[in-house]
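Novice: Dumping the structure here so I can ask a few things about it.
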Amino acid sequence: MTPADGSKLATEAQGAATPAGGSTLRPRVTHKIFYSLGQAAQTGGFDTAVGFLFFYYSVALGLPGSLVGVALSLGLAFDALVDPAIGSWSDNIRSRWGRRLPLMIAAIPFTTACLGLLFSPPAGLTQPLLFAWLAVFAVAARVAISLFHVPYTALGAELADDYAGRTSVVVYRSAAGILAGVAITALGYSMFFKDGGFSGRRAIQASAGRRPRWSEPV
């Protein structure tokens, strides 16, 4: 194929991606701002909260760090397995709300419940049961947030139909996620680690039914 043939194919492909009449789908700034709030909730809410799970289970609840790491790794491994299936499911949905919104809406209460249960294990659990609780709900939470995030990311690509428009959508989404993640992380560390240690340890241990060891600092 000659360079001229390649240029012709690229031009034809570009024309096929452009709607009839030469018009281009460009979302307004307000649309991109509201769309980016989904990433702010994902990064600032879910991702940042999950980041504190290691401290919560190892420091406050006394589960060995190795077991906490294994449980959280199971969630990540399962997440990698279900993401393609969720993407295929979303692509094939036919509803009055489109392909993406049904799963995104269904994921909101599911994610909220799983995240709440992750941070509220029943009092008095033994270490094996506490590990099982963390592993089960770490997997469930990852599946729940994937139900939201996989179609949400695909929706961003459908808001615009050209390279510049989609890039702009990604910029708004990424900026919202970074700002929310930094803000929530700073807030969390300023509240729970303000005295150089896990300041809420005693209260959390008491609410979880676990007595702190004598060797543990206040």
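The values are calculated or read from the model by the stated rules, or taken from the named source; none is laboratory data. On a predicted model such as this, the values are computed, not experimentally measured, just so you know. We place every Cβ from the backbone using ideal geometry, glycine too, and count neighbours over all the protein chains shown.
Novice: In this structure, is Thr43 at pLDDT 85 or above and within 18 Å of the chain's Cα centre (by Cα)?
Specialist: Against the criterion (at pLDDT 85 or above and within 18 Å of the chain's Cα centre (by Cα)), Thr43 qualifies.
Novice: Something else about it: When the residues of the range 127-158 are filtered to those that are farther than 29 Å from Ser66 by Cα and among the small types (Gly, Ala, Ser), which remaining residue is farthest from the chain's Cα centre (by Cα)?
Specialist: Per the stated criteria, the residue is Ala157.
Novice: Let me ask something else. Among the residues of the range 24-81, which ones are hydrophobic (A, V, I, L, M, F, W, C) and without any contact (Cβ under 8 Å) to a residue 12 or more places away in the chain?
Specialist: Those that are hydrophobic (A, V, I, L, M, F, W, C) and without any contact (Cβ under 8 Å) to a residue 12 or more places away in the chain: Val29, Phe34, Ala77, Ala80, Leu81.
Novice: How many of the residues in the range 155-164 are part of a helix (DSSP H, G or I) and surrounded by fewer than 17 Cβ atoms within 10 Å (Cβ to Cβ)?
Specialist: Of the residues in the range 155-164, 4 are part of a helix (DSSP H, G or I) and surrounded by fewer than 17 Cβ atoms within 10 Å (Cβ to Cβ).
Novice: Of all residues in the range 53-67, how many are part of a helix (DSSP H, G or I), within 14 Å of Leu125 (Cβ to Cβ) and at pLDDT 90 or above?
Specialist: Going through the range 53-67 one residue at a time, the tally reaches 2.
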